[in-house]
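Beneath this line is the structure, given in structure tokens, with notes to follow.
The values are calculated or read from the model by the stated rules, or taken from the named source; none is laboratory data. Keep in mind it's a predicted model, so treat the numbers as computed, not measured. Ideal geometry is used to build each Cβ from the backbone, glycine not excepted, and the neighbour counts take in all protein chains shown.
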Ligand SMILES: Cc1cc2nc3c(=O)[nH]c(=O)nc-3n(C[C@H](O)[C@H](O)[C@H](O)COP(=O)(O)OP(=O)(O)OC[C@H]3O[C@@H](n4cnc5c(N)ncnc54)[C@H](O)[C@@H]3O)c2cc1C
Ligand SMILES: Nc1ncnc2c1ncn2[C@@H]1O[C@H](COP(=O)(O)O)[C@@H](O)[C@H]1O
């Protein structure tokens, strides 16, 4: 079977979510990756390591406008004969996957968390991570939008052949006026470790200890909804049912009570550490490791121990 | 400016999720439904704000059975002018988008707004599909929307930042946090909602492209292991040797 994987590489590099999508594709068929923009061929060749055989890049398309990109995908799928299309459910994937689905009248499974079952059904996140559904496709053509951090990639050691081409998608109907990048930080949706804090931290001036712990762990920072609502932290850090749903390997939550809406966004995490002064805090029920204690003391101590550990390893 | 806002229902966020009929159906018994938060807080309120400053109208559309009328009335109470209900179970995202697109083709709407996602199926699918079916631009995950004449300026979330886009009407947009502040309906709004027009249209024939066959719940967590707050070395040790995450 021939699979086409679309990834957004406008940042100039291949994201972890993109590698996972390429790997997913390679597990179900022979995989071509299609992308656009100015990314170097050397960077794209590395997709071979995740199982992609070939990478097609259209350098004339310089934005991720869903209209243009969905045309790029459908023309390429026609060319390669792919009937399964995979894309990461990152921010571009969210916009592009449904357009491609509607264009091809191909069933879309969004929020996929595992490789297809033997009968072709796929497992997806539903109810904001509170449950999973099994989706059956009623169409021959399929679109799969993969939840980031759902799979462990096995490296192949191969390089992919990179080919430039032009899909001839025409002008974009959306004009990009400005791009504002969030500098430096580890991106929350992709982070393997996340340090998160809530109202228990009392005020924005106390986030230094959260950021410092995150820094020594190479982690991203996150927060509960009220903290973003009062403006202590930026909105893009808000995780939960009405914020970002994340599934890092390690989620450390300090001063967060663990309301059901918060848990919905984080219970896909592999390991959860909860730090809370209240032994009755509901979050402990969802935790793997619990520390009943004051975040103001525990966070700096934990940072110190991590530093010691890092120095030795 | 004519706005069409897609409103769906969602189980209240405190709902305990359970399934019946051999895990093939969501257990509806006792579930309280709300307007999907993204649709209500962001898409609807921003459309109302723009209508208030630019003039025009805000119509809501919902694909769903008669029971959905309570959430439709809530949207009217918040300030929408009129509502449409497509009388059919929203079988899948494509079916839903198809119905909305069919209605929109007749309406001459300048902007169609959806929420970022429904909190039950979380597909982020319907908006992009409507845009494709209408051959209109789609701006996903908008956190800010301004309109000047036939040109809209939109902030849209991208991986690791924000993009400021310019797009001409008509277009479709999905609304994320930041677009607007939640509005609580007042008594006058609630009274007025009772008599606002609610048009019911029958569904156009359309296949569903996918079927949810069954559901499962996440595995229960094992007991939480407690660590002495004075002994963070032990936590680091467990995270490294037992959990193997650092
Ligand atoms: C429709 C709806 C959607 C929602 N969506 C979300 C969502 O997406 N994400 C989300 O997070 N919330 C969401 N909420 C809000 C949610 O219900 C909770 O109110 C919120 O998660 C609580 O945030 P918190 O844990 O930071 O604050 P609190 O509940 O106030 O908890 C603070 C915690 O800090 C602890 N604490 C205090 N001092 C210390 C200290 N010194 N050291 C350690 N611990 C301390 C306290 O014991 C307490 O457990 C939503 C609510 C609704 C109604
Ligand atoms: N049954 C429905 N009726 C009207 N609008 C809907 C319906 N389902 C979803 N939508 C809209 O589409 C958005 C995205 O939904 P989803 O694709 O399910 O994540 C929602 O936020 C709503 O604005």
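Of the residues making up the stretch B:231-246, those that are within 14 Å of residue A:305 (Cβ to Cβ) and either within 8 Å of another protein chain (Cβ to nearest Cβ) or outside any loop (DSSP other than H, G, I, E, B) (or both) number 11. Screening A:246, A:256, A:272 for residues that are at the interface with chain B (Cβ under 9 Å from one of its Cβ atoms), under 25 Å from residue A:113 (Cβ atoms), touching a helix residue (DSSP H, G or I) at 6+ places or on another chain (Cβ under 7 Å) and not in a helix (DSSP H, G or I) leaves exactly one candidate, A:272. For residue B:5, the requirement of being buried (at least 19 other Cβ atoms within 10 Å of the Cβ), part of a strand (DSSP E or B) and either away from chain A (no Cβ under 12 Å) or within 16 Å of ligand 1 (Cβ to nearest atom) (or both) is met.
Yes/no per residue for (1) within 16 Å of ligand 2 (Cβ to nearest atom); (2) more than 10 Å from chain B (Cβ to nearest Cβ):
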residue: A:43; (1), (2): no, yes
residue: A:46; (1), (2): no, yes
residue: A:50; (1), (2): no, yes
residue: A:55; (1), (2): no, yes
residue: A:60; (1), (2): no, yes
residue: A:67; (1), (2): no, no
residue: A:81; (1), (2): no, yes
residue: A:85; (1), (2): no, yes
residue: A:91; (1), (2): yes, no
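Counting only strands (runs of 3 or more DSSP E) wholly contained in the stretch B:85-172, the ones carrying 1 or more residues that are within 18 Å of residue A:67 (Cα to Cα), at pLDDT 95 or above and more than 17 Å from the chain's Cα centre (by Cα) occupy B:151-158, B:161-168. Within the stretch B:184-203, restricting attention to residues that are more than 18 Å from residue B:83 (Cα to Cα) and either in contact (Cβ under 8 Å) with a residue 40 or more places away in the chain or in a loop (DSSP other than H, G, I, E, B) (or both), the residue that is nearest to ligand 2 (Cβ to nearest atom) is B:184.
In the set A:271, A:298, only one residue is farther than 30 Å from residue A:123 by Cβ, over 16 Å from the mean Cα position of the chain (by Cα) and away from ligand 2 (no atom under 16 Å from the Cβ); that residue is A:298. For the residues A:208, A:240, A:231, A:200, the requirement of being surrounded by fewer than 24 Cβ atoms within 10 Å (Cβ to Cβ) and either within 17 Å of the chain's Cα centre (by Cα) or within 13 Å of chain B (Cβ to nearest Cβ) (or both) singles out A:231. Being crowded, with 16+ Cβ neighbours inside 10 Å, within 13 Å of ligand 2 (Cβ to nearest atom) and more than 30 Å from residue B:206 (Cα to Cα) is a property that does not hold for residue B:91.
With respect to the conditions (1) away from chain B (no Cβ under 13 Å); (2) surrounded by fewer than 24 Cβ atoms within 10 Å (Cβ to Cβ), residue A:77 lacks only one, and its number is (2).
In the stretch B:191-208, the condition of being facing chain A (nearest Cβ under 7 Å), touching a strand residue (DSSP E or B) at 6+ places or on another chain (Cβ under 9 Å) and buried (at least 16 other Cβ atoms within 10 Å of the Cβ) is met by at least one residue. Taking the criterion of being touching a residue at least 24 places away in the same chain (Cβ under 8 Å) and within 11 Å of ligand 1 (Cβ to nearest atom), the residues of the stretch B:8-45 that qualify are B:10, B:11, B:13, B:34, B:35, B:36, B:37, B:38, B:40, B:41.
Considering only residues in the stretch A:131-144 that are within 8 Å of chain B (Cβ to nearest Cβ) and part of a strand (DSSP E or B), the one that is surrounded by the most Cβ atoms within 10 Å (Cβ to Cβ) turns out to be A:135. Just one residue in the set A:101, A:128 is at the interface with chain B (Cβ under 7 Å from one of its Cβ atoms), modelled with pLDDT under 95 and either touching a strand residue (DSSP E or B) at 6+ places or on another chain (Cβ under 9 Å) or outside any strand (DSSP E or B) (or both); that residue is A:128.
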